[in-house]
1. Condition first: over 22 Å from the mean Cα position of the chain (by Cα), small (Gly, Ala, Ser) and not in a loop (DSSP other than H, G, I, E, B). Now tell me which residues in the range 1-42 satisfy that.
2. Which numbered condition trips up residue 61, out of (1) surrounded by 10 or more Cβ atoms within 10 Å (Cβ to Cβ); (2) modelled with pLDDT under 90; (3) not small (Gly, Ala, Ser)?
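The values are calculated or read from the model by the stated rules, or taken from the named source; none is laboratory data. Worth saying up front: this structure is predicted, and the values here are computed from it rather than measured. Note that we place each Cβ from the backbone using ideal geometry, even for glycine, and neighbour counts take in every protein chain shown.
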Amino acid sequence: MEKYNKLLRNITELIEKGLITSKDLKKELKDLAKFKMEIVANKLNLVSREEFDIQKKLIEKLQKDLAKIKSVKKYSTKVKKS
């Protein structure tokens, strides 16, 4: 907690001296938050929407192919029994 109070005091001093504006501070905090979010996203091994959509289409195609194979197998089993 001590180090956060020191950080806030330092930021306050910089603003009071005019060395940094609230706009600068806002931009820096926004950039820092964005950077941290990217680090977390990379650790989670997330994929892009485009990659997700491609994988989804592949899975749907494989499911259709599997359904066709199963129906052909059922039909051939019925024909052999007859």
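1. First, pick out the residues of the range 1-42 that are over 22 Å from the mean Cα position of the chain (by Cα): 1-28.
So of that shortlist, the ones also small (Gly, Ala, Ser) come out as 18, 22.
22 - this is the single residue of the range 1-42 that is over 22 Å from the mean Cα position of the chain (by Cα), small (Gly, Ala, Ser) and not in a loop (DSSP other than H, G, I, E, B).
2. (2)
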